[in-house]
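What follows is a set of notes on a single structure, which appears directly below.
The values are calculated or read from the model by the stated rules, or taken from the named source; none is laboratory data. Treat the numbers as computed from the prediction; the structure is a model and nothing was measured. Cβ atoms come from the backbone with ideal geometry, glycine included; neighbour counts cover every protein chain shown.
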Amino acid sequence: MRSKHNLVGSLADESQASDKYRRILEAGVKVFARKGFHNARVNEIAREAGVADGTIYIYFKNKDDILIKIFEESLALIIARLKTELSRQTDAVAKVKLFIKMHLDLMKEDQALGEVFQVELRQSNKFMKEYLPQRYYDYLDVIAEILREGQKAGLFRPEISPDIFKRALFGALDEISLFWILRNREQGYLENSREQLADIFLRGIARG
């Protein structure tokens, strides 16, 4: 994955969005992570992006809309990269380990985006109550597909529900990530967590 703040910019480039749109998304990540969603102001995002305040409203309705677009575009790129890397693995056990690793590695490699995902999205009433997070469902479906692949190969217990498994694994990753961010990013915590999480979940779904 790319270095800090580049995920949203990369996707905007690939979808041929304008340079200003890309810069506003990147600025939104920085300002939301630095100030918090509630304390952030649209004019601060504009200043960080190097655009006039009114330019923001050409592309976005309000700061909730900026936050949601950051989520959608960043997660779309993350899913694409995940699928590319997972396709190089030969079995479902390796894919579970890789999924856990990539999810937790993102927290360190793009810490501002990680903070926006883990903390600031929860501060938006529009995101929590009104928005249909299709990208989030797509992300969960990547986990479910890994389980199904392992079940077909006889590696994982057939009675395990993909719907329950995907939510359980994501929930664990989400809690570990949130704890790490709120606890001042303890060194080595994510690395130790990914090994133990892989062991816990793989033992739980292993067949025989």
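Of all the residues in region 121-140, those that are at pLDDT 90 or above and surrounded by 15 or more Cβ atoms within 10 Å (Cβ to Cβ) number 4. Within region 15-28, if we keep just the residues that are touching a residue at least 24 places away in the same chain (Cβ under 8 Å) and basic (Lys, Arg), the residue that is farthest from Phe127 (Cα to Cα) turns out to be Lys20. Could you run through region 37-54 and say how many residues are in contact with a helix residue (DSSP H, G or I) (Cβ under 7 Å, 6 or more places away or on another chain), among the small types (Gly, Ala, Ser), in a helix (DSSP H, G or I) and surrounded by fewer than 18 Cβ atoms within 10 Å (Cβ to Cβ)? Looking only at that region, the number is 0. Among the residues making up region 92-110, a single one is without any contact (Cβ under 8 Å) to a residue 24 or more places away in the chain and either out of contact with any Asp or Glu (no Cβ under 8 Å at 6 or more places or on another chain) or not in a helix (DSSP H, G or I) (or both): Ala94.
Residues in region 163-180 that are crowded, with 16+ Cβ neighbours inside 10 Å and either among the aromatic types (Phe, Trp, Tyr) or more than 20 Å from the chain's Cα centre (by Cα) (or both): 3 in all.
Yes or no, residue by residue, for (1) modelled with pLDDT of 95 or more; (2) of a type outside the set (Phe, Trp, Tyr); (3) in contact with a Ser or Thr (Cβ under 6 Å, 6 or more places away or on another chain); (4) within 14 Å of Lys126 (Cβ to Cβ):
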residue	(1), (2), (3), (4)
Lys30	yes, yes, no, no
Ala33	no, yes, no, no
Glu44	yes, yes, no, no
Arg47	yes, yes, no, no
Ile58	no, yes, no, no
Asn62	no, yes, no, yes
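Quick one: would you say Tyr21 is buried (at least 19 other Cβ atoms within 10 Å of the Cβ), assigned to a helix (DSSP H, G or I), over 14 Å from the mean Cα position of the chain (by Cα) and aromatic (Phe, Trp, Tyr)? Here the answer is yes, as Tyr21 does meet what is asked. Scanning region 77-91 for residues that are touching a Leu at 6+ places or on another chain (Cβ under 8 Å), surrounded by fewer than 19 Cβ atoms within 10 Å (Cβ to Cβ) and touching a residue at least 12 places away in the same chain (Cβ under 8 Å) yields a count of 2. Scanning region 170-190 for residues that are in a helix (DSSP H, G or I) and either closer than 18 Å to Ile79 by Cα or of a type in the set (Asp, Glu) (or both) yields Phe170, Gly171, Leu173, Asp174, Glu175, Ser177.
Criterion applied to Val96, Val116 was being touching a Gly at 6+ places or on another chain (Cβ under 9 Å), under 19 Å from Leu82 (Cα atoms), surrounded by 14 or more Cβ atoms within 10 Å (Cβ to Cβ) and among the hydrophobic types (A, V, I, L, M, F, W, C), and the one residue passing it is Val96.
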